[in-house]
Each structure stands twice: as structure tokens, then as C-alpha cells.
Amino acid sequence: MAIIVNSYPPRLGGLESHVFQLANAVRAAGARVTVVTLDVTPSDVDEDGIRVVRLRRHVPVASVISFPAWGTARRLSILLSTIGATVVSTHTRFFPMSYVGLRAARLAGIPVIHTEHGAGFVRTPSRVIQLASRLVDLSVGRTVLRRAAAVLAVSAPVAEFVSALARRESVIFPNALRMEDWPAFADDAPPTGIAFIGRLVGGKGWEEFVDVAATLLTEPEFDGLQVHMLGDGPDRENLRTRIRSRGIDGRVHLYGHADIAVIRSVLHGSVLVNPSRLAEGFQITLLEAAASGAQIVSFPVPSVAPIRADGGPVREVRELSLQPLIDGVRDALRRPLPAMPRPVLEAHWAWASRAREYLAIVSRLHGGHPTQTPGAPTRPEDVTGRE
């Protein structure tokens, strides 16, 4: 099996988490996995039993999209044939590597499973990026969706978007967690802080979060409130300016990129505030919050409904404005909801079970026969183009 990944540092959060955790789960289920991604420096290394091939990226746009070198599809098709790959997995239709993965798979004569993570056209304050991404969606993106042998959608709204854009059905395949990263918590202590986790970009809601914090810190009841912000992005300096302008400099803990241990520690005992207005597919941070015992206050995003249906402590703020958001966070701090039951979390949201579902889909594409994953190693220069 080959997984085509469509991201590169700086990390793209939920998308990259989904791709690499899917790769790890499929490997743990017995399949051989190769991940192909774009990065600043090309390399070909083994990472925890997964071969990760990084190709040099070109023409990066807005820290989101970049392009591989000319001829990458042909070189990847050779790699796929050499390692005996049985399926190519691509992710999110507007990334150039999705189309490259589709082309490489067709040249190698193997099927493509495309996983769609977007619940709509790209939303961003930049009108130029909006227009460009929509043009890509309506051309290359639609081609990827229509020509894939199977399309998986990470939530019901994503499935609706796939149907509207490409006129085809998809299978709901939500995000999940590596449960060993999220051990059961020992207490149900009430929240003492609020947390924001996400990229510092327009539409993600970091501005609203700072305003929520500034309001609550003026109230005697919440004078000792801990305020945590995890994530990085092009709006980093704008964030610092807004914190100073609201008079809460020194009261906000800025972490930048954080590992799972830090995220888990921050979330436990906090209210996750999610004021995202973007076309989110399935925000893994909401699921991580539920696994950590955190309260969740969110604007409407696709992951709210399934997590709440499974007993997650979610308050949905349907009016996309500041005051209802503040009211929801205040209510979560005062009257926390019961945590999601651990057995439900393990039964419905573990990558171990999701990987079995994925391999069953692969098997059906091959007429019910298990995937074959033999293959001789290839030289790094065969893929990266380096001598």
C-alpha cells in the first residue's frame, strides 16, 4: 500500500494527523506502508516501520499548498510498481499531490482511495486564494473525486460536499485517535482554564478566543483563569498585538507547536474553545478534547454532532458572534457536562478499528482478496530525483 500525503512543515494539524495515524494503524494491522510527502529537503527514511519519502516542494502558497517537481507522477508510478503497491491513498482534493497520486496510480494500474477532509470550498480572508482554490476544486479537484475508485468522507457534511462537487457517493470515514496516546484520566476535576488549539490563520477563531479570555479575566469569578493557546501560523505577530491591545499580556500562555503530551495536559482541566468559521471536515482537536476530559464550546463544525451523540461534553454556539460564545464558555466553566464514557471512546473512535475498516475497503476494491505488499527496495534517487 502507498499513502500519498499532501502536507509539509509547517504542520497542517488535523489533516497530517489523520494521514500519519492512518498509516501507523494500517501498518499495525499488517500492511506495508509508504508515505510520500513534500518538504523543504528531500529524504527517504524509515520512521517507526513506515517508509517516508519526502520530495522537494516548489512554489509554496500561503503555507498551505506547494507543488512537486515536473515528472513526479512518472517517478512515483515506478516506485509503486517496484514496491508492489496495491492501492494509493490521497487526501483532500485541492492539494496538487492528490492529482499527482491519481496520475501515478493510473500509470501503475492500481486503484486510488481518496479521503476528503473539506466540507466546502476553501474559506479564507484572501479573495485571491478563495478564487484560485475554487478554480482548482472545479477542475483538478473534481477530476480527483470522480476518478478515484472509492471516496471516503471524514464527516456527513463532507459527504454532502463531495456529492455536490463531483456528483458521486462517498463512505463516511471519521477521524480517530491512537488510544495509547490518550490514557484514561484519573479525575473529573472542574475546568480551571480555557484553551485554543489550531493554526494561527484567518477564520480559525484565534481573535475571538483572545476576546473571550479578555472578557472573562475582568470578572472576579474568573480572575485566576488559565488561558492556553497552542499552535502557530502566519498570524503569530498579529496574535501578540491583539493580546497586548486587550491588556492581558502575561496572562496568556503561548505554546506554539506542541506535542501530544502537552496537548493532553492542557486540555485536561480546560474548556476547549473552537470559534472556527472555516470549512472544517472533522476537527481532531475536538475528539482529543473529549478524550482528555475537557469541556468543548464550539461554533457549528461537522465534528460536533457525532461527538455529542456519543456523549461528548459539547456546547454548540449556533450564533456566530462573540457574546453567545462568551456565554457558552462561562456556562461550561460553571456547569461542566459529564465526560464521554471511556468504553464509547474506545469502541467508536480508535484507529485500531478504523484501520480494519480501511483494509476491508481495500480488499473489496481487489475483489475480496487481501492486499499483497511485497516489493524490492528502491534507491532514494529513483523517487527524489537526487543522484
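So, of the residues in the stretch 317-332 that are out of contact with any strand residue (DSSP E or B) (no Cβ under 6 Å at 6 or more places or on another chain) and within 18 Å of Leu225 (Cα to Cα), which turns out to be surrounded by the most Cβ atoms within 10 Å (Cβ to Cβ)?
Restricting attention to the stretch 317-332, the residues satisfying the condition of being out of contact with any strand residue (DSSP E or B) (no Cβ under 6 Å at 6 or more places or on another chain) are 317-327, 330-331.
So of that shortlist, the ones also within 18 Å of Leu225 (Cα to Cα) come out as 325-327, 330-331.
On the way: Leu325: 25, Ile326: 21, Asp327: 14, Arg330: 18, Asp331: 15.
Per the stated criteria, the residue is Leu325.
Give the residues of the stretch 179-197 that are in a loop (DSSP other than H, G, I, E, B) and either among the hydrophobic types (A, V, I, L, M, F, W, C) or buried (at least 16 other Cβ atoms within 10 Å of the Cβ) (or both), sorted by residue number.
Residues of the stretch 179-197 that are in a loop (DSSP other than H, G, I, E, B), as a first pass: 182-192.
If the condition is that a residue be in a loop (DSSP other than H, G, I, E, B) and either among the hydrophobic types (A, V, I, L, M, F, W, C) or buried (at least 16 other Cβ atoms within 10 Å of the Cβ) (or both), then Trp182, Ala184, Phe185, Ala186, Ala189, Pro191 are the ones that fit.
So if I check each of Glu116, Glu160, which one is under 23 Å from Gln21 (Cα atoms), among the charged types (D, E, K, R) and at pLDDT 90 or above?
Details: Glu160 fails: under 23 Å from Gln21 (Cα atoms).
Result: Glu116 is the single residue among Glu116, Glu160 that is under 23 Å from Gln21 (Cα atoms), among the charged types (D, E, K, R) and at pLDDT 90 or above.
If Val314 meets every condition in (1) within 23 Å of the chain's Cα centre (by Cα); (2) without any contact (Cβ under 8 Å) to a residue 40 or more places away in the chain; (3) surrounded by fewer than 17 Cβ atoms within 10 Å (Cβ to Cβ) apart from one, which number is that one?
(3)
Quick grid of which residues meet (1) out of contact with any strand residue (DSSP E or B) (no Cβ under 9 Å at 6 or more places or on another chain); (2) modelled with pLDDT under 90; (3) open to solvent by 30 Å² or more (accessible area, probe 1.4 Å):
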{"position": "Ile50", "(1), (2), (3)": "no, yes, no"}
{"position": "Pro68", "(1), (2), (3)": "no, yes, no"}
{"position": "Ile78", "(1), (2), (3)": "yes, no, yes"}
{"position": "Ala85", "(1), (2), (3)": "no, no, no"}
{"position": "Ser89", "(1), (2), (3)": "no, no, no"}
{"position": "Arg93", "(1), (2), (3)": "no, yes, no"}
{"position": "Ser98", "(1), (2), (3)": "no, no, no"}
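Residues that are hydrophobic (A, V, I, L, M, F, W, C): list the strands (runs of 3 or more DSSP E) wholly contained in the stretch 200-296 that include at least 3 such residues.
Working: elements: 226-230, 252-256, 270-274.
Answer list for the stretch 200-296: 226-230, 270-274.
Yes/no per residue for (1) over 15 Å from Ile3 (Cβ atoms); (2) over 21 Å from the mean Cα position of the chain (by Cα); (3) touching a residue at least 40 places away in the same chain (Cβ under 8 Å):
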position	(1), (2), (3)
Val100	no, no, yes
Leu107	yes, yes, no
His117	no, no, yes
Gly120	yes, no, yes
Phe161	yes, no, yes
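The values are calculated or read from the model by the stated rules, or taken from the named source; none is laboratory data. Please read all numbers here as calculations on a predicted model, not as lab measurements. Neighbour counts are summed over all protein chains in view; Cβ atoms, including those assigned to glycine, are modelled from backbone coordinates with ideal geometry. When the accessible area is computed, the model is the full protein with side chains, heavy atoms only, and any ligands, DNA or RNA have been set aside. Shrake-Rupley method; radii C 1.70, N 1.55, O 1.52, S 1.80 Å.
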